[in-house]
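What follows is a single structure, written as structure tokens, with notes after it.
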Amino acid sequence: MPPEAELPAALAAARDYPALRWMGSKLRLLPFLHETFAALDFDRAIDAFSGSGCVAYLLKCMGKQVLANDAMRVAVTMAEALVVNERERIGAERIDRLAALPGNPEGFITRTFAGIFFTPADLAFLDAVWDELDRDPGLPRAPILAALARAAIKRQPRGVFTVAGDPEHMKDGRRDLRLDLRQQFRENAALVDRRVFASGRDHETRFGEVFDLEGRAADLVYLDPPYVPRADDNCYVKRYHFVEGLVTRWRAPEARIREDSKVKKLVKRKSPFGSRRSAPAAFDRLFAAFPGATLVLSYSANGWPDLDELVAMMRRHRPRIEVERCAHRYSFGTHGGVAAARRETEEYLVVGR
Ligand SMILES: C[S@@+](CC[C@H](N)C(=O)[O-])C[C@H]1O[C@@H](n2cnc3c(N)ncnc32)[C@H](O)[C@@H]1O
């Protein structure tokens, strides 16, 4: 990457986005995305699978009007706090006050997750912040919840909630695990506040299935669907159920805890991108869904279907296809507590016009 001083302003701003440690996050690929977007002529963009929100935020930094959509509420909360939100900040005084709240050891979160995730004091803090949100509807809800979600992911070993365990017992000494949730919240709230800015555009978020956006007008649609798994699965609810529940205090209709789950996972949601059986038809439908818009699809060399097949599919809906390539190093978690590994792969952006 070029030195800081030579970075385009939009990219320099977007690189500091407080992204979640989200499976498939494109935070490190923002320079590649920026270069590709900058060469295209568009004003209104849809980020149809917004995840951590960093690409929607890059588009905002580039002066575009953005609609960020995702099937996870925690993803939508991030985009609400940092893309749609143009001016609401938590503020230093309020951060201090929230971080110093007496914990509520009787709350739903504490009762439900004691002995599964975090310490009793951490859980009681989450309940106390939620008590405040319930008591005072005037609080800047999205920034507070975005900061809480990011704090919780940082405090969780490997950032996912598939295995129980309080981080204090995972003595790897990493700073993120040493800080308790109050300290994490304090840092993350200040960080979210620093990244809120006014672009003067009307942005939007939407929670739900990508196909509900069918026919929405846009000049460009960025598509970053979950990679169809070769082995394992690509279920986001399974990995991030705790923060998905946290952003509504487990009150959203789909935030139902599975009775059979030791770590209190939420009931699964079906995604057509979850299996090889349903994915080809889903890609075809996706490419047909936004007539007239330029499509930009993220894909990686170890994804499925392979590049040639995807290009052939997109060609049925767009006459002109270009493939941009970028070498990328990414980390991935494996099953059963084995440490995250690193692997070199090639990332693509398939542009269809
Ligand atoms: C690869 S991630 C996107 C990463 C994002 N571009 C970023 O940089 O953080 C895929 C996202 O698709 C969402 N998702 C999965 N199935 C979906 C569906 N059917 N409709 C909408 N979103 C879906 C997941 O919740 C996940 O956040």
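The values are calculated or read from the model by the stated rules, or taken from the named source; none is laboratory data. Just so it is clear, the structure is predicted and the values come from calculations on it, not from any experiment. In this analysis, Cβ positions are derived from the backbone assuming ideal geometry, glycine residues included, and neighbour counts consider all displayed protein chains.
Taking the stated definitions as given, is Phe125 of a type in the set (Phe, Trp, Tyr), part of a loop (DSSP other than H, G, I, E, B) and more than 30 Å from Gly63 (Cα to Cα)?
Here the answer is no, as Phe125 does not meet what is asked.
Matching residues to (1) among the basic types (Lys, Arg); (2) in a helix (DSSP H, G or I):
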site: Ala12; (1), (2): no, yes
site: Pro31; (1), (2): no, yes
site: His34; (1), (2): no, yes
site: Phe37; (1), (2): no, yes
site: Phe42; (1), (2): no, no
site: Gly51; (1), (2): no, no
site: Val55; (1), (2): no, yes
site: Lys60; (1), (2): yes, yes
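Only one residue in Ala81, Ala99 is buried (at least 17 other Cβ atoms within 10 Å of the Cβ), in the same structural domain as Val129 (by TED's automatic domain parsing) and closer than 21 Å to Gln183 by Cα, so which one is that?
Exactly one of Ala81, Ala99 is buried (at least 17 other Cβ atoms within 10 Å of the Cβ), in the same structural domain as Val129 (by TED's automatic domain parsing) and closer than 21 Å to Gln183 by Cα, namely Ala99.
Scan (1) crowded, with 24+ Cβ neighbours inside 10 Å; (2) in contact with a Lys or Arg (Cβ under 9 Å, 6 or more places away or on another chain) for the single condition Lys64 breaks and write down its number.
(1)
Which residue pairs have Cβ atoms closer than 7 Å, lie 6 or more positions apart in sequence or on different chains, and pair a first residue in segment 26-53 that is under 21 Å from Ala327 (Cβ atoms) with a second residue that is part of a loop (DSSP other than H, G, I, E, B) and within 13 Å of the ligand (Cβ to nearest atom)?
Lys26/Asp224; Leu27/Tyr17; Leu27/Ala19; Leu27/Ser52; Leu33/Lys26
Which residues, counting only those in segment 19-29, are more than 9 Å from the ligand (Cβ to nearest atom) and either part of a helix (DSSP H, G or I) or surrounded by fewer than 18 Cβ atoms within 10 Å (Cβ to Cβ) (or both)?
The answer is Arg28, and nothing else.
Which of the residues that make up segment 218-248 are more than 18 Å from the chain's Cα centre (by Cα) and either outside any loop (DSSP other than H, G, I, E, B) or modelled with pLDDT of 95 or more (or both)?
The answer is Ala218, Asp219, Leu220.
Do you know which residues across segment 96-122 are of a type in the set (S, T, N, Q) and part of a loop (DSSP other than H, G, I, E, B)?
Of everything in segment 96-122, those that are of a type in the set (S, T, N, Q) and part of a loop (DSSP other than H, G, I, E, B) turn out to be Asn104, Thr119.
Table: residues versus (1) assigned by TED's automatic domain parsing to the domain that holds Phe117; (2) of a type outside the set (D, E, K, R); (3) surrounded by fewer than 19 Cβ atoms within 10 Å (Cβ to Cβ).
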| position | (1), (2), (3) |
| --- | --- |
| Phe211 | no, yes, yes |
| Leu220 | no, yes, no |
| Leu246 | no, yes, no |
| Ala252 | no, yes, yes |
| Arg285 | no, no, yes |
| Ser300 | no, yes, yes |
| Gly303 | no, yes, no |
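Please tell me if Glu93 is within 25 Å of Gly292 (Cα to Cα), more than 14 Å from the ligand (Cβ to nearest atom), in a helix (DSSP H, G or I) and not basic (Lys, Arg).
Against the criterion (within 25 Å of Gly292 (Cα to Cα), more than 14 Å from the ligand (Cβ to nearest atom), in a helix (DSSP H, G or I) and not basic (Lys, Arg)), Glu93 does not qualify.
Between residues in segment 260-281 that are on the phi > 0 side of the Ramachandran plot and residues that are more than 11 Å from the ligand (Cβ to nearest atom) and outside any loop (DSSP other than H, G, I, E, B), which pairs lie under 9 Å by C-beta distance while being six or more apart or on different chains?
Note: pairs meeting the criteria are Lys264/Thr112; Lys264/Phe113; Lys264/Phe117; Lys264/His241; Lys264/Phe242; Lys264/Gly245; Lys264/Ile257.
Select from segment 262-310 the residues that are hydroxyl-bearing (Ser, Thr, Tyr) and away from the ligand (no atom under 15 Å from the Cβ) and list them in ascending order.
Thr294
Specify which of the listed residues (Pro143, Pro105, Pro120) is within 18 Å of the chain's Cα centre (by Cα) and at negative phi.
Pro143
If Arg155 satisfies all but one of (1) more than 27 Å from Asn85 (Cα to Cα); (2) in contact with an Asp or Glu (Cβ under 8 Å, 6 or more places away or on another chain), what's the number of the condition it fails?
Among (1) more than 27 Å from Asn85 (Cα to Cα); (2) in contact with an Asp or Glu (Cβ under 8 Å, 6 or more places away or on another chain), the lone unmet condition for Arg155 is (1).
Could you say which residue among Ser298, Ser331 is of a type in the set (Gly, Ala, Ser) and at pLDDT 95 or above?
Unique residue meeting the criteria: Ser298.
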